[in-house]
Amino acid sequence: MLEVVKFTFNPFQENTYLLIAENGDCAIIDPGCYERREEEILKQTIEEKGLTPTLLLNTHCHIDHVFGNDFIHRTFGLKPKIHPQEEIVLEAVSRVAEMYGLNYAKSPSPEFYKNEEIALGGEHLKIMFVPGHSPGHVAFHSESSKILISGDVLFKRSIGRTDLPGGNMEELMRSIKEEIMSLPDDTKVYAGHMEDTTIGEEKKFNPFLQGL
């Protein structure tokens, strides 16, 4: 079984996750640590739990989800893994930071997902291609642990925005309908912002999904 530890970081209140296998290996997903204090919180948690970071995964590359890529690379020697169609988004982050007046240490060059699954300490994560919020957005699903790291595709009672460059509402709704909503109702959803939820709850109560 995989353990999930959530942190809420940076001015955008983004959720950063540690996904921890029973052997102590962990994946760092969407490191949004912006301030030195946030970097230390993440590092200290990893050290106190005796974890070995083996993967740096980005669901997508909007600025709030990649603030900490450089810190993770410098601290643990990991390069971010992204979908190839998300590379253009990552390359634009420096300009976005200037526009918002935010500090941004440029992310190291990424590696690309090559398979549909990622191994983590004996467990397997399915990589789900779910574009719409951004062109190369992915989500991570563990069938055995009944969890989904959804990034900014699905939120509690809401869905991801599509008004940013590369966003597409038709694609987003297709991703949710054909990929996300195909998961079992008891799948716990850990989103890129706000609280956790489940697939079953969102089928019942999410106003954007009624009639799908």
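Per-residue Karplus couplings for segment 79-84, computed as 6.51 cos²θ - 1.76 cosθ + 1.60 with θ equal to phi - 60°, are listed in order as 9, x, 9, 9, 6, x Hz, Gly and Pro entered as x.
Computed from the alpha carbon positions, the gyration tensor of the chain leads to an equivalent ellipsoid with semi-axes of 24, 21, 15 Å, biggest first.
Specify whether the C-alpha gyration tensor of segment 34-158 places it in the rounded, prolate or oblate class, a ≥ b ≥ c being the square roots of the eigenvalues: rounded for a/c under 1.5, otherwise prolate if a/b is larger than b/c and oblate if not. Note, shape of segment 34-158 comes out oblate.
Taking amide H positions as modeled 1.01 Å from N, with prolines and chain starts lacking one, no residue 5 or more places away or on another chain lies under 5 Å from SER158. Distance from the Cα centroid of segment 144-212 to that of segment 27-83 is 23 Å (rounded to whole angstrom).
Take the Cβ atoms of MET194 and ARG174, set R0 to 25 Å, and the FRET efficiency comes out at 0.65. Each Lys and Arg Cβ is given +1 and each Asp and Glu Cβ -1; about its Cα centre, segment 3-205 then shows a dipole of about 160 debye. Between LYS156 and LEU102, the FRET efficiency from the beta-carbon distance, with R0 = 22 Å, is close to 0.25. Applied to segment 91-98, the Karplus parametrisation 6.51 cos²θ - 1.76 cosθ + 1.60 on θ = phi - 60° returns per-residue 3J(HN,Hα) values of 5, 8, 5, 4, 5, 5, 4, 4 Hz, with x for Gly and Pro. Amide H to amide H, with H built 1.01 Å from N, THR59 comes under 5 Å of ASP30, counting only residues 5 or more places away or on other chains. With each label point set 7 Å from Cα along the Cα-Cβ vector, what nm distance links LYS6 and ASP185? Computed distance between label sites LYS6 and ASP185 equals 2.2 nm.
Computed from the coordinates by the stated procedures, all read-outs in this text should not be read as laboratory data. These figures come from a predicted structure and were not determined experimentally. Using ideal geometry, Cβ is built from the backbone for each residue, glycine included, and neighbour counts are taken over all protein chains shown.
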